[in-house]
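The next block holds one structure in the form of structure tokens; read it before the comments.
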There are 2 protein chains.
Amino acid sequence: MKHFSIDKIQGWERFFRANFVNSLSGFKPVSLIGTRDSNKIDNLGVFSNIVHIGANPACIGFINRPKEAAPHTLANIESSGFYTINHMHSDWLSKAHQASAKYPAEVSEFEAVGLTPVFKENFPAPFVGESHVQYALELSEIIPLKINNSFFVIGKLLHAFVDESFVSKDGLIDLSKASSLVSLGIDAYYLPSPVKRYAYAKYDRPSSEIEL
Amino acid sequence: MKHFSIDKIQGWERFFRANFVNSLSGFKPVSLIGTRDSNKIDNLGVFSNIVHIGANPACIGFINRPKEAAPHTLANIESSGFYTINHMHSDWLSKAHQASAKYPAEVSEFEAVGLTPVFKENFPAPFVGESHVQYALELSEIIPLKINNSFFVIGKLLHAFVDESFVSKDGLIDLSKASSLVSLGIDAYYLPSPVKRYAYAKYDRPSSEIEL
């Protein structure tokens, strides 16, 4: 294995460094975040730095880049308090990727890229109709991160929409049945396949496989 | 698609709810975090709630559960200020999963599960010798999260160890060549395969594929 020191990494050209560092931490649960502004213009953006925080209360976080780089999603979440997260899939990946472009505020990315805004359960932000796994969040807290002026946005789960056939008998959603993608770095997409599932680990017994 | 409201989800049995909510947000970059305590006992734990924060400075965050649930890793990071993150792979997955068991503080999980602690570049925390993608962090900030008493731990990248053959000409590390795994929910593991890579999206042109 080759050693890359931070001094070496910091000296690299900007895009090379971004690709390397962005992929070093692993594959990411890439999704589209849907919001609506006070003029009822719908916004859609690609986000991959999404993280599970806890199941009770059910809460999920994501990193929003500094405001000058990615303003609309965060502004809409701040003003409305609500947003949706929608998994991405191979069959409409080029449309979804296009939603990562910076469109003017008065343009709805749904219309621009050709995806369908869907409203349901009186939730005030748009879901992506084409997505097989959709969930809705209420803003809980926005934490500014000193290290690079990005934001850690924490939401509480309010609704989930999933095909029941993906949900196994103990609650696991088999996202390979949903063909949910992961992303790598800034612009690469991968599809995960099942490997193994294990029983809860205890220190006084070896790992044992369970059905996946 | 079936609608699951938060009222319904909150009423579920605890493990069913944990499996469902934990998989809803997507596949996760599962890794082993290596630390060393002040008595030079090495600790290893499985962490999947890892998130890229930024490339300049290069920084990565992870969620650490409340202290009573997962005390050793966080205590060692607080006292030493340093830790390693190491990707997991199929060929030693049962050993890695076993590191998620709660061992007594005086036991090194490396020894207990049969993985190899490696020290290099004078870094004070152990790397996992069996891992094909290893990186080392210096603690930057620990942010307590009010929503569930967990912690958002932010580290600055100091070293990366990667086989050069995995690094593409523009810096992307092809983690499918490294056979790095993702996890789903609490205990399921998946292997991603390449789908597509796209050029940087601009609003005035359609998505265009690039070589992956």
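Read-outs throughout are calculated quantities, based only on the coordinates presented, and are distinct from any laboratory measurement. Everything numeric in this text was worked out from a predicted model, so none of it was measured. Every residue, glycine as well, gets a Cβ built from its backbone with ideal geometry; the counts of neighbours run over all protein chains shown.
R0 = 30 Å: FRET efficiency of B:Lys2 with A:Glu209, Cβ-based, nearest 0.05?
It comes to 0.55.
Hey, for B:Glu106 with labels 7 Å out along Cα-Cβ, what do the inter-copy distances come to in nm, ordered shortest first?
7.2
If you rank B:Val195, B:Val107, A:Val133, A:Val162 by fewest surrounding Cβ atoms within 10 Å, what's the result?
B:Val107, B:Val195, A:Val162, A:Val133
Using a basic spin-label model with each label point 7 Å from the Cα along Cα→Cβ, how many nm lie between B:Lys202 and B:Glu111?
Taking the two extended label points, one gets 6.0 nm.
Of the cross-linked pairs B:Lys67/B:Lys146; A:Lys95/B:Lys28; A:Lys67/A:Lys102; A:Lys102/B:Lys202; B:Lys8/B:Lys146, which ones have a Cα-Cα span greater than 18 Å in the structure shown?
Details: B:Lys67/B:Lys146 13 Å; A:Lys95/B:Lys28 23 Å; A:Lys67/A:Lys102 13 Å; A:Lys102/B:Lys202 7 Å; B:Lys8/B:Lys146 24 Å.
Over 18 Å Cα-Cα: A:Lys95/B:Lys28; B:Lys8/B:Lys146.
Can you put A:Val21, A:Val51 in order, fewest other beta carbons within 10 Å first?
A:Val51, A:Val21
Would you mind ranking B:Thr35, A:Thr73, A:Thr116 so that the residue whose beta carbon has the fewest other beta carbons within 10 Å leads the list?
A:Thr116, A:Thr73, B:Thr35
Can you compute the label reach from B:Asn122? Point 7 Å from Cα along the Cβ direction, backbone N cut-off under 15 Å, restricted to segment A:1-36.
A:5-7
Starting from the Cα-Cα distance between B:Asn39 and B:Ser193, subtract it from 0.36 nm times their residue separation and give me the gain in nm to one decimal. Could the numbers behind the result be given before it?
Values: separation 154, 0.36 × 154 = 55.44 nm, distance 4.18 nm.
Gain on stretching B:Asn39 to B:Ser193: 51.3 nm.
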